[in-house]
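Below is one structure, written out as structure tokens; comments come after it.
The values are calculated or read from the model by the stated rules, or taken from the named source; none is laboratory data. This one's a predicted model, so the numbers in the text were calculated from it and none came from an experiment. In this analysis, Cβ positions are derived from the backbone assuming ideal geometry, glycine residues included, and neighbour counts consider all displayed protein chains.
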């Protein structure tokens with residue numbers, strides 16, 4: 001899916017370049033900058049949403065808390 005989105009984006013930028021007469025390289029630089037910045041800026045929000053969905057469908061139980069406590073104890077002793 002990501003490959004299709006990437007190549008689809010490049011093809012879209014190429015069509016915009018031909019239709020508007022703007023050079024392709026600046027458009028691809030803008031696209032590359034957006035490809036790096038948008039996911040970096042959106043990551044905290046998407047992580048929070050998916051974590052909330054995960055907790056909604058799979059609420060934590062006692063074994064999850066026990067496992068977390070063991071991990072914390074091991075980390076404190078290291």
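Kindly indicate whether residue 14 is loosely packed, with under 10 Cβ neighbours inside 10 Å and modelled with pLDDT under 85. Spelling it out, it is not the case that residue 14 is loosely packed, with under 10 Cβ neighbours inside 10 Å and modelled with pLDDT under 85. Of all residues in the range 54-71, none that is in contact (Cβ under 8 Å) with a residue 40 or more places away in the chain has its Cβ atom under 9 Å from the Cβ atom of a residue that is exposed (fewer than 10 other Cβ atoms within 10 Å of the Cβ) and in a helix (DSSP H, G or I), 6 or more apart or on another chain. Of the set (1) without any contact (Cβ under 8 Å) to a residue 24 or more places away in the chain; (2) surrounded by 10 or more Cβ atoms within 10 Å (Cβ to Cβ), all apply to residue 9 but (1). Would you say residue 31 is touching a helix residue (DSSP H, G or I) at 6+ places or on another chain (Cβ under 9 Å) and either in contact (Cβ under 8 Å) with a residue 24 or more places away in the chain or surrounded by 10 or more Cβ atoms within 10 Å (Cβ to Cβ) (or both)? Yes; evaluated as a whole, the condition is true for this residue.
Looking at the range 18-25, is at least one residue surrounded by 10 or more Cβ atoms within 10 Å (Cβ to Cβ), touching a helix residue (DSSP H, G or I) at 6+ places or on another chain (Cβ under 6 Å), in a helix (DSSP H, G or I) and at pLDDT below 85? Yes: the range 18-25 contains one or more residues that are surrounded by 10 or more Cβ atoms within 10 Å (Cβ to Cβ), touching a helix residue (DSSP H, G or I) at 6+ places or on another chain (Cβ under 6 Å), in a helix (DSSP H, G or I) and at pLDDT below 85. On the given criteria, is residue 30 in a helix (DSSP H, G or I) and modelled with pLDDT under 85? Criteria met by residue 30. In the range 46-58, the condition of being surrounded by 10 or more Cβ atoms within 10 Å (Cβ to Cβ), at pLDDT below 85 and either touching a strand residue (DSSP E or B) at 6+ places or on another chain (Cβ under 8 Å) or within 22 Å of residue 6 (Cβ to Cβ) (or both) is met by no residue.
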